[in-house]
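The values are calculated or read from the model by the stated rules, or taken from the named source; none is laboratory data. Owing to the predicted nature of the structure, the values given are computational and were not obtained by experimental measurement. For neighbour counting, all protein chains shown are included, and Cβ atoms are generated from backbone atoms with ideal geometry for every residue, glycine included.
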Amino acid sequence: MPKSIERLRCRRCVVVGNSNSIRGRGFGAVIDSHNVVIRLNNAPVKDHKADVGERTSIRLFFPESAVPNPLDNNNNETLMVLIPFKSLDFTWVMEMLLDTRNKTVEGFWRKPPSEWKWNTSYLRILHPYVTYQATYKLLQLKKKGKQYSTTGIIALNLALHICHEVNIVGFGYPERHDNTTPVHYYDTEHLSQELFMMHNITAEQEWLLKMIERGMISDLMRP
């Protein structure tokens, strides 16, 4: 953990989701007022600062969600946290850091960047148990199934371990048969059936609601 975060007596954190529901809501200043701002995957802050803020303390990602130049939407001291889902993910980050000539390209569900540079002092690899815990302990998904937690739930599980106060903003999805509302605040992509095959959105929504009702986390978008 960076000293700038570690030395905080009270870590007031916000996990910023990528939902289209945050677009036009003007939560930027509220988000940036937190001690720790956690972002997901390749979600940009450029051109969206009024809604999502501009500070990024921690960003969780995996190879398929990485961008070639992470500095475009992160701060110099952003802690980049790789979520390893498969052994190839370790291979990818090693090849990026060592700048190997022949990169591994097979085995990824989407082609990751062939170049990715970051200060290794601000790079971490998330312990696989955090993902395991989010998937099988919190959501209680079947181990024999092929579904796993979204990055948002994994990030929230991490926040519950390292923060004293945890807020969320920008979580949620359009209705399953909604073909008009974008999924994310930063693009026009719509819901795909693949999303429901990989993730149990219903289980995630029910768990989030339970955590909010118990006062474990707060949703900044709820009245």
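So, R59, is that one assigned to a loop (DSSP other than H, G, I, E, B), modelled with pLDDT of 95 or more, farther than 13 Å from P113 by Cα and touching a strand residue (DSSP E or B) at 6+ places or on another chain (Cβ under 7 Å) or not? So R59 fails the test. With the condition kept exactly as written, say whether any residue in the range 90-104 is outside any loop (DSSP other than H, G, I, E, B), among the hydroxyl-bearing types (S, T, Y) and crowded, with 19+ Cβ neighbours inside 10 Å. Checking the range 90-104: not a single residue is outside any loop (DSSP other than H, G, I, E, B), among the hydroxyl-bearing types (S, T, Y) and crowded, with 19+ Cβ neighbours inside 10 Å. I want to confirm something. Restricting to the range 122-143 and keeping residues that are part of a loop (DSSP other than H, G, I, E, B) and not basic (K, R), which single residue is surrounded by the most Cβ atoms within 10 Å (Cβ to Cβ)? If we take residues in the range 122-143 being part of a loop (DSSP other than H, G, I, E, B) and not basic (K, R), then L139 is surrounded by the most Cβ atoms within 10 Å (Cβ to Cβ). The residue pairs whose first member lies in the range 1-28 and is aromatic (F, W, Y), whose second member is not in a helix (DSSP H, G or I), and whose beta carbons are closer than 6 Å, counting only pairs six or more residues apart or on different chains, are F27/V169. Scanning the range 146-182 for residues that are in a loop (DSSP other than H, G, I, E, B), charged (D, E, K, R) and either touching a residue at least 40 places away in the same chain (Cβ under 8 Å) or surrounded by 15 or more Cβ atoms within 10 Å (Cβ to Cβ) (or both) returns a single hit, K146. Contact map, the range 97-112: residues that are within 22 Å of E194 (Cα to Cα) paired with residues that are at pLDDT below 90 and in a loop (DSSP other than H, G, I, E, B), Cβ distance under 8 Å, separation 6+ or inter-chain. Pairs shown: K111/V105. Scanning the range 183-210 for residues that are buried (at least 17 other Cβ atoms within 10 Å of the Cβ) and touching a residue at least 40 places away in the same chain (Cβ under 8 Å) returns V183, H184, Y185, Y186, H199, N200, A203, E204, W207, L208.
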